[in-house]
Amino acid sequence: MREYVRHWAHVTRPDRIEVVSAADDARLIRESLAAGEILPTSDGGYYARSHRKDTARSEERTVVATSDPADKGVYNNWRPAAEMTATVTGLMRGASVGKTMYVVPYLMAPPGSPLARYAVGVELTDHRTVALHMIRMARVGIEHIDGLGEPAGFVRAVHVTGDLENLGQGTAHDRRHFVTVADERTILHYGSSYGGNALLGKIAHGLRQASYDGWASGAFLAEQFMLLGITDRQTGRKHHICGGFPSASGKTNLAMTLAPDALGDRYHVEFYGDDITWLWVGDDGRLYGMNPEFGVFGVAKDTNAATNPTALAAIGPGTETLFTNVAYNTKTSEVWWEGKTEQPPADLDGWLDWTGEPVAERSPERRGDPWAHPNSRFTTTLSNVPNLAADYAAPSGVPIDAIIFGGRTRDREPLIRAITDVAEGVYDGLTLGAEATFAAEGVDGMLRYDPMSMRPFMSYPEGRYAEHWLRIIGQVTEKPIFAHVNWFQRDPEDGRFLWPGYRDNLRALLWLMRLRDGEVRGVPSPVGVLPAKSELLLDGLRIDEADLDRLLTIDLSAGVRRSISARGTWPGSKVCPRRSGRPTTASPLTWKAARPDRKVGHRRVAAEVAARRPPGTEGRDRRQPSNLRERARRAPVAASAVRSASSSAGILGRW
Ligand code: OXD
Ligand code: MN
């Protein structure tokens with residue numbers, strides 16, 4: 001570790017070097033307050049403002065580098081390791097002069113975890129607020145390094161802020177580089193001090209590096225998944241569910257959900273994690289999961305007592321939460337963000353917006369601008385979350401019963417459809433998407449594909465990714481059930497949401513657990529098993545029968561129509577002829593779109609699936625493939641027929 005620190009100190013030339021542990025938090029806070037880098041909030045928390053050109057993760061400037069060109073994928077922005085290391089080292093040269101280099105040893109796992117060897121890192125940062133964030137988001141302290149079996153086996157994570165005013169952010173001369181040299185387990189980030197660009201334990205290590213390590217070792221998966229537990233107090237049974245959602249699809253709210261009031265006596269929901277889950281096969285053959293993080297870096301916008309009371313408690317008095325880029329009142333030290341309350345504070349006195357400008361002095365044309373940045377955040381430790389599971393840090397992790405995927409879509413997905421076939425479940429995750437609102441570009445309502453909600457964090461080729469998933473889940477003896485959920489269906493006429501969402505979402509998950517346990521049977525469909533109306537626990541919920549009917553049906557033809565019209569217009573999508581040379585538009589499933597009076601029968605779909613099977617697989621039951629490789633080979637074929645009916649299409653060529 002000394003050699004590593006010496007090497008980078010020689011490159012970046014800080015004035016001072018300081019090794020940090022969690023015990024230094026109070027002192028670092030005092031120093032930051034004295035330096036004016038943070039301000040106190042009325043609830044005993046702290047407020048920071050980032051540079052106005054530096055407010056979000058930058059996907060375009062993020063690169064995965066290795067020494068093997070075969071590691072190039074569609075989404076990982078692969079570049080040669082030697083070239084990237086030379087470029088970023090050049091940019092970092094002398095860039096920390098006058099600053100302190102904080103040496104932050106950290107662990108992205110509960111201590112004692114079987115994956116701890118992949119979880120140890122040392123971040124070098126020249127920004128004190130980044131060190132404060134790391135202390136909240138990871139387990140920080142030299143003790144995590146001392147126990148290392150292999151002394152050199154830690155991730156080297158170097159963060160240099162750079163001259164934020166003059167980096168050409170967003171221009172052709174953008175100097176920012178966020179590079180994970182995955183096969184050297186080295187992370188080099190230059191040109192930001194915000195979020196995932198700078199807290200290197202979280203995304204760069206916890207997702208990009210970890211998913212590469214998981215693949216290279218064959219030992220685990222690292223996914224941008226939430227993780228929660230549901231206990232049925234009547235039976236004493238506890239289930240654990242993890243899953244991925246593209247951004248703005250309600251992942252954090254779901255992770256922190258509580259049971260609806262009417263079901264609260266029976267069901268207890270516990271929080272494990274809102275953003276990252278590492279998954280592996282335990283010695284008993286079950287799938288296990290754990291949250292490698294120590295805190296929550298949550299989006300502030302729209303967090304309120306109705307959407308997420310748990311989060312509100314987790315950032316309240318006594319939690320020492322760090323807020324970034326929300327609005328701040330210099331007189332009362334209060335913070336505010338859009339959606340915290342229905343209306344902004346009426347008395348503008350003392351309020352500064354996220355850029356530091358007094359709200360009261362805004363020009364008339366700027367009066368409607370948001371007070372907080374849409375990507376403003378709160379950073380709080382897991383222990384502040386009121387329903388944190390008692391075993392959240394269990395080294396063994398927790399057994400996973402279900403893996404769910406969900407994106408915000410207005411009509412193409414039902415409330416929930418369960419998928420019992422592993423290959424089809426994995427395929428559903430790989431073809432995940434959420435509606436984008438790009439009205440200006442004329443693609444409003446189209447899907448932005450976000451495989452497994454990992455698009456910005458992919459570190460190795462997508463085909464390998466699919467294979468690795470199938471291999472890991474294929475080893476599991478008690479397979480998790482998969483499901484696709486959608487809380488965002490709208491009435492086609494008036495556009496209102498059909499499902500109340502938030503705490504009521506638990507009703508769909510309870511049904512899934514009952515299906516898994518054989519307590520309900522559901523209604524089979526070509527795209528999975530849907531709940532029968534009578535199977536949903538609806539106590540205390542007032543919902544229109546017609547709305548419920550719509551929520552529990554899937555319009556196959558609408559999905560096909562949209563996927564056809566989407567083809568070729570979505571960035572990166574391709575018109576993709578199938579193996580047979582027949583484009584998907586020739587599918588019998590489109591026939592229903594043309595003849596809405598005719599139903600698409602299971603037999604018709606099965607025939608289509610059979611027709612698309614690779615030669616030599618005829619006659620085998622696709623639910624019982626003879627071996628894993630065959631399952632991997634066949635997965636896109638078997639699932640393609642059903643997915644083309646719901647949301648995918650052009651993406652098929654990618655996998
Ligand atoms: C993200 C985050 O950027 O979790 O995805 O912060
Ligand atoms: Mn995230």
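Things worth noting here:
- Test: residue in region 466-473 that is under 23 Å from the mean Cα position of the chain (by Cα) and among the basic types (Lys, Arg): yes
- Under the condition of being assigned to a helix (DSSP H, G or I) and either in contact with a helix residue (DSSP H, G or I) (Cβ under 8 Å, 6 or more places away or on another chain) or more than 16 Å from ligand 1 (Cβ to nearest atom) (or both), the residues counted in region 247-264 number 7.
- Filter pass, residue 205 being within 16 Å of ligand 1 (Cβ to nearest atom) and either assigned by TED's automatic domain parsing to the domain that holds residue 225 or free of Cβ contacts under 8 Å to residues at least 60 places away in the same chain (or both): no
- Taking region 210-264 as the range and being among the hydroxyl-bearing types (Ser, Thr, Tyr) and either in contact with a Cys (Cβ under 8 Å, 6 or more places away or on another chain) or under 26 Å from residue 306 (Cα atoms) (or both) as the test, the residues that pass are 231, 247, 249, 252, 257.
- Restricting attention to region 59-73, the residues that are over 30 Å from residue 166 (Cβ atoms) and either in contact with a helix residue (DSSP H, G or I) (Cβ under 6 Å, 6 or more places away or on another chain) or without any contact (Cβ under 8 Å) to a residue 40 or more places away in the chain (or both) add up to 4.
- One residue stands out in region 265-286 among those that are hydrophobic (A, V, I, L, M, F, W, C), over 21 Å from residue 304 (Cα atoms) and part of a strand (DSSP E or B): the one that is farthest from ligand 2 (Cβ to nearest atom), namely 281.
- Scope region 154-186; condition without any contact (Cβ under 8 Å) to a residue 60 or more places away in the chain and buried (at least 22 other Cβ atoms within 10 Å of the Cβ); matching residues: 155, 157, 159
- Residues (crowded, with 23+ Cβ neighbours inside 10 Å and not in a strand (DSSP E or B)) located in region 372-388: 372, 373, 376, 385
- Options 292, 344, 364: the member that is in the same structural domain as residue 505 (by TED's automatic domain parsing) and either under 22 Å from residue 44 (Cα atoms) or not aromatic (Phe, Trp, Tyr) (or both): 292
- Any chance residue 432 is under 15 Å from residue 251 (Cβ atoms), among the hydrophobic types (A, V, I, L, M, F, W, C) and either under 14 Å from the mean Cα position of the chain (by Cα) or at pLDDT 95 or above (or both): yes
- Residue 333 of a type in the set (Ser, Thr, Tyr), surrounded by fewer than 24 Cβ atoms within 10 Å (Cβ to Cβ), outside any loop (DSSP other than H, G, I, E, B) and outside the structural domain of residue 132 (by TED's automatic domain parsing): no
- Residue 460 in contact (Cβ under 8 Å) with a residue 60 or more places away in the chain, buried (at least 22 other Cβ atoms within 10 Å of the Cβ), assigned to a loop (DSSP other than H, G, I, E, B) and within 19 Å of the chain's Cα centre (by Cα): yes
- Any hit, region 47-58, residues being touching a residue at least 24 places away in the same chain (Cβ under 8 Å), assigned to a loop (DSSP other than H, G, I, E, B), acidic (Asp, Glu) and over 21 Å from residue 20 (Cα atoms): yes
- Some residue of region 300-308 being under 12 Å from the mean Cα position of the chain (by Cα), within 14 Å of ligand 1 (Cβ to nearest atom) and at pLDDT 95 or above: no
- Residue satisfying all of: in region 254-309; more than 21 Å from residue 325 (Cβ to Cβ) and of a type in the set (Ser, Thr, Tyr); surrounded by the most Cβ atoms within 10 Å (Cβ to Cβ) among these: 277
- Filter result (more than 16 Å from ligand 2 (Cβ to nearest atom), surrounded by 17 or more Cβ atoms within 10 Å (Cβ to Cβ) and under 23 Å from the mean Cα position of the chain (by Cα)) within region 51-71: 54, 61, 63, 64, 65, 71
- Residue check for residue 306: part of a helix (DSSP H, G or I) and away from ligand 2 (no atom under 16 Å from the Cβ): no
- Identity of the residue in region 25-44, of a type in the set (D, E, K, R), in contact (Cβ under 8 Å) with a residue 40 or more places away in the chain and outside any loop (DSSP other than H, G, I, E, B), that ends up nearest to residue 103 (Cα to Cα): 25
- Among the numbered conditions (1) surrounded by fewer than 21 Cβ atoms within 10 Å (Cβ to Cβ); (2) away from ligand 1 (no atom under 16 Å from the Cβ), the only one that residue 41 does not meet is (1).
Here's the yes/no breakdown for (1) acidic (Asp, Glu); (2) in a helix (DSSP H, G or I); (3) farther than 26 Å from residue 50 by Cβ:
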residue	(1), (2), (3)
188	no, no, no
193	no, no, no
204	no, yes, no
208	no, yes, no
212	no, yes, yes
215	no, yes, yes
219	no, no, yes
228	no, no, yes
231	no, no, yes
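The values are calculated or read from the model by the stated rules, or taken from the named source; none is laboratory data. Not measured: the values here are computed from a predicted model. Cβ atoms come from the backbone with ideal geometry, glycine included; neighbour counts cover every protein chain shown.
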